[in-house]
Each structure stands twice: as C-alpha cells, then as structure tokens.
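Peer 1: Structure provided below as structure tokens; questions to follow.
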Amino acid sequence: MNLDFPLLLVIAVAVSGGLALADRLWLAPRRQRAIAAYRQQVSTADEKILAQLDKEPVAVEYGKSLFPVLAIVFVLRSFLFEPFQIPSGSMIPTLQVGDFILVNKFSYGIRLPVVDLKVVPLGDPQRGDVMVFKYPEDPRINYIKRVVGVPGDIVTYSFDKRLYINGEPVPEQWLGEEPGSLGRAQLFTEQLGEHSYQVRKENNRRMEPSREWLVPEGHYFMLGDNRDNSKDSRYWNDPHIAPEFMGMVPDSYIVGKASLIWLSWPSPKTGNLPNLSRAGLID
C-alpha cells in the first residue's frame with residue numbers, strides 16, 4: 001500500500017495546530033474560569049484540586065507538544081528539502097543503490113503541498129540536472145533521472161547508444177571498462193550544459209533502432225545514467241496520454257532537483273554500516 005505521506009503530514013499539522021488553537025481560545029480560558037470560581041468558594045485552595053482543574057485534556061497536551069515539531073518538518077519537507085533513498089541502479093555510476101540524497105524543493109519553484117500547484121516560479125529544469133519527479137505511469141511513485149531534453153528540444157538516441165540534442169551529438173569521452181565488470185560495461189563522461197557526469201553502457205546489450213522525440217512545451221525528457229538498465233522516457237508507455245506526450249514528464253509532476261548525497265547505506269541487511277564515503281554534491 002502506498003501511503004500519501006504529504007497528505008498525512010498536512011492532516012497531522014492541521015489537527016495538532018487545531019487542538020493547540022482550540023486550547024488557547026476556549027479550553028484554557030474555561031479552565032481559568034473554573035479555577036477562579038473554585039477559589040471564591042473556599043478560604044484555602046487545595047493544590048491538588050487546582051492542578052486537576054488546570055489539567056489539559058490528553059489530546060490537547062499531545063497536540064500542543066507535537067505541533068511545533070510537525071510544523072517545522074512540514075515547512076522543511078514541503079518547501080525546502082526532502083530526503084530520498086535511491087532504490088535501484090538506474091542512475092549508476094552517479095547514484096548508487098542505498099545512497100541517501102537531499103532534493104531541493106524550491107529550485108524549480110515553490111509548490112503547494114498535496115495539490116502540487118506552483119505558486120512562485122523560481123526557475124526551470126536545465127539539461128543535465130538530476131531531477132526527482134512523479135512516475136508518469138503511476139504518479140504515486142517518485143522517480144529520479146537526468147534531464148536531457150527541455151521544451152522544444154529534439155532528442156535522438158541512436159542505435160550505437162549515442163545521445164543527440166537538436167541534431168548535435170552530446171560531447172562524450174570514453175573512460176574505460178567499468179571496474180569489476182570483466183569487460184561487460186564501459187564508462188563514459190558526458191557533458192550537458194554545465195554538468196559533466198559519467199554514464200554506463202553495457203557491451204552485451206543489443207543495439208536498438210535509432211529513435212527521435214520532440215519535447216512538448218511544459219514537458220521534459222529524462223534518461224538514466226545507467227543507459228542499458230534504466231526505465232526512462234525511452235520506454236514509458238502510458239495509454240491514457242496522447243502519443244506526442246508519451247515518455248515525457250510534465251512540469252506538474254516535478255518534485256525537485258537532487259542536490260547532494262549525504263549518506264550511503266548500500267546493504268543494511270548484510271550488516272554494512274552507513275557511511276559518508278560518497279557524500280557530496282550531485283552533478
């Protein structure tokens with residue numbers, strides 16, 4: 001079952017904040033009136049009775065305690081940064097399975113939580129950005145890939161696994177065999193905009209026919225850095241959308257820009273400890 005955590009967080013903040021507000025406006029004054037009435041009835045007030053009259057309801061007590069924490073988490077997660085863990089190898093070698101990353105939620109504009117309505121535009125995704133977004137075939141799932149095509153671009157992926165943007169080949173430099181792959185995979189450096197990063201290509205994967213896509217307005221074309229092991233814009237197939245939008249990520253599905261790796265924990269089940277060996281900015 002996929003839990004809608006942003007919605008649950010909004011509900012938790014609203015409920016705890018509502019309890020705190022109700023106590024401040026109605027319940028606390030009522031308790032003070034009860035204490036004042038009791039003091040008028042006795043010459044010497046019993047401290048135990050006073051404490052009982054001033055006692056907050058359990059729900060109010062928990063609400064007032066949780067509200068500041070939940071409010072801070074809500075603001076940080078909804079408008080500033082959100083943590084994610086990489087579940088698959090589609091972005092190898094840039095991101096490894098088990099990497100914990102922070103996603104900048106305001107790089108591409110401030111959006112209202114839950115409804116994901118952009119209210120303050122601050123920028124647009126650029127070629128080469130690593131971006132988190134809702135998976136077009138199932139928006140309940142978050143995906144992470146690299147932006148290679150922006151609105152108006154013509155993206156071509158050729159039969160020899162070369163990437164072209166508007167007819168121009170993306171600069172690529174061979175680095176050598178992937179360590180430990182026994183010659184099955186090669187590593188390359190690509191340059192897109194201001195971003196220089198590594199991509200992985202397998203030798204034993206059959207070459208596919210060259211394909212070309214025109215990126216519509218308000219949409220983005222995404223690829224994984226692990227080119228032969230990534231379900232990305234080349235393969236998404238949502239029968240509910242028009243053919244010209246097939247494989248594209250609409251602006252409304254954007255979650256944020258992946259900014260840094262802050263922890264890595266590749267195999268917790270094997271007893272490996274989390275480490276900072278891969279901590280750093282994401283290019």
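The values are calculated or read from the model by the stated rules, or taken from the named source; none is laboratory data. All figures in this text were calculated on a predicted structure; none of them were measured in a lab. FYI the Cβ positions are ideal-geometry reconstructions off the backbone, even for glycines, and counts take in every protein chain you see.
Peer 1: Residue check: is Leu70 within 30 Å of Arg111 (Cα to Cα) and in a helix (DSSP H, G or I)? Spell out how you get there, then give the answer.
Peer 2: Working: within 30 Å of Arg111 (Cα to Cα): yes; in a helix (DSSP H, G or I): yes.
Here the answer is yes, as Leu70 does meet what is asked.
Peer 1: Consider Arg127 against the criteria (1) under 18 Å from Gly256 (Cβ atoms); (2) out of contact with any Leu (no Cβ under 6 Å at 6 or more places or on another chain): it satisfies all of them except one. Which criterion is unmet?
Peer 2: All conditions pass for Arg127, except number (2).
Peer 1: Could you identify the single residue in Gly180, Gly176 that is small (Gly, Ala, Ser), in contact with a strand residue (DSSP E or B) (Cβ under 8 Å, 6 or more places away or on another chain), more than 28 Å from Trp213 (Cα to Cα) and not assigned by TED's automatic domain parsing to the domain that holds Leu9?
Peer 2: Working: Gly180 fails: in contact with a strand residue (DSSP E or B) (Cβ under 8 Å, 6 or more places away or on another chain).
Going through Gly180, Gly176 in turn, the sole match is Gly176.
Quick grid of which residues meet (1) assigned by TED's automatic domain parsing to the domain that holds Phe133; (2) exposed (fewer than 15 other Cβ atoms within 10 Å of the Cβ); (3) part of a helix (DSSP H, G or I):
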position	(1), (2), (3)
Ala14	no, yes, yes
Gly17	no, no, yes
Ala20	no, no, yes
Ala28	no, yes, yes
Glu56	no, no, no
Val60	no, no, yes
Ser65	no, yes, yes
Val75	no, yes, yes
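Peer 1: Looking only at residues in region 134-150 that are out of contact with any helix residue (DSSP H, G or I) (no Cβ under 9 Å at 6 or more places or on another chain) and part of a loop (DSSP other than H, G, I, E, B), which one is nearest to Asp232 (Cα to Cα)?
Peer 2: Going through the qualifying residues, I end up with Glu137.
Peer 1: Can I ask one more? Which residue out of Ala22, Ala45, Ala12, Ala51 is modelled with pLDDT under 90 and under 36 Å from the mean Cα position of the chain (by Cα)? Steps first, answer last, please.
Peer 2: Working: Ala22 fails: modelled with pLDDT under 90; Ala45 fails: under 36 Å from the mean Cα position of the chain (by Cα); Ala51 fails: under 36 Å from the mean Cα position of the chain (by Cα).
Unique residue meeting the criteria: Ala12.
Peer 1: Scan region 228-242 for residues that are within 20 Å of Asp138 (Cβ to Cβ), of a type outside the set (Lys, Arg) and surrounded by 12 or more Cβ atoms within 10 Å (Cβ to Cβ) and jot them down. Lay out the reasoning, then the answer.
Peer 2: Quick first cut of region 228-242, residues within 20 Å of Asp138 (Cβ to Cβ) only: 229-242.
With the extra rule that they be of a type outside the set (Lys, Arg), the set shrinks to 229-230, 232-233, 235-242.
The answer is Asn229, Ser230, Asp232, Ser233, Trp236, Asp238, Ile241.
Peer 1: So, one more: Where residues in region 201-227 are free of Cβ contacts under 8 Å to residues at least 40 places away in the same chain and touching an Asp or Glu at 6+ places or on another chain (Cβ under 6 Å), which of them is surrounded by the most Cβ atoms within 10 Å (Cβ to Cβ)?
Peer 2: In the first step, residues of region 201-227 are kept if they are free of Cβ contacts under 8 Å to residues at least 40 places away in the same chain; the result is 202-206.
Checking the rest, the ones that are also touching an Asp or Glu at 6+ places or on another chain (Cβ under 6 Å) come to 202, 205.
Values: Glu202: 16, Arg205: 13.
Among residues in region 201-227 that are free of Cβ contacts under 8 Å to residues at least 40 places away in the same chain and touching an Asp or Glu at 6+ places or on another chain (Cβ under 6 Å), the one surrounded by the most Cβ atoms within 10 Å (Cβ to Cβ) is Glu202.
Peer 1: A further question follows. Would you pick out the residues in region 137-181 that are more than 13 Å from Arg127 (Cα to Cα), touching a residue at least 12 places away in the same chain (Cβ under 8 Å) and among the charged types (D, E, K, R)?
Peer 2: Glu137, Arg140, Asp160, Lys161, Glu172, Glu178
Peer 1: Has region 164-187 got at least one residue that is assigned to a strand (DSSP E or B), surrounded by 18 or more Cβ atoms within 10 Å (Cβ to Cβ) and among the aromatic types (Phe, Trp, Tyr)?
Peer 2: Among the residues of region 164-187, not one is assigned to a strand (DSSP E or B), surrounded by 18 or more Cβ atoms within 10 Å (Cβ to Cβ) and among the aromatic types (Phe, Trp, Tyr), which makes the answer no.
Peer 1: For region 152-160, indicate whether the set of residues that are loosely packed, with under 13 Cβ neighbours inside 10 Å, in contact with a Ser or Thr (Cβ under 9 Å, 6 or more places away or on another chain), not in a strand (DSSP E or B) and not assigned by TED's automatic domain parsing to the domain that holds Val13 is non-empty. Write out each step before concluding.
Peer 2: Let us first name the residues in region 152-160 that are loosely packed, with under 13 Cβ neighbours inside 10 Å, namely 152, 159-160.
Add one more test, that the residue is in contact with a Ser or Thr (Cβ under 9 Å, 6 or more places away or on another chain), and what stays is 159-160.
Subsequent filtering for residues that are not in a strand (DSSP E or B) retains 159-160.
If we keep only those that are not assigned by TED's automatic domain parsing to the domain that holds Val13 too, we end up with 159-160.
Yes, region 152-160 contains a residue that is loosely packed, with under 13 Cβ neighbours inside 10 Å, in contact with a Ser or Thr (Cβ under 9 Å, 6 or more places away or on another chain), not in a strand (DSSP E or B) and not assigned by TED's automatic domain parsing to the domain that holds Val13.
Peer 1: Can you tell me which residues in region 136-151 are crowded, with 17+ Cβ neighbours inside 10 Å and more than 22 Å from Pro93 (Cα to Cα)? Break it down into steps so the answer makes sense when it comes.
Peer 2: Here is the first cut: in region 136-151, the residues crowded, with 17+ Cβ neighbours inside 10 Å are 136, 143-150.
Scanning region 136-151 gives Pro136, Val150.
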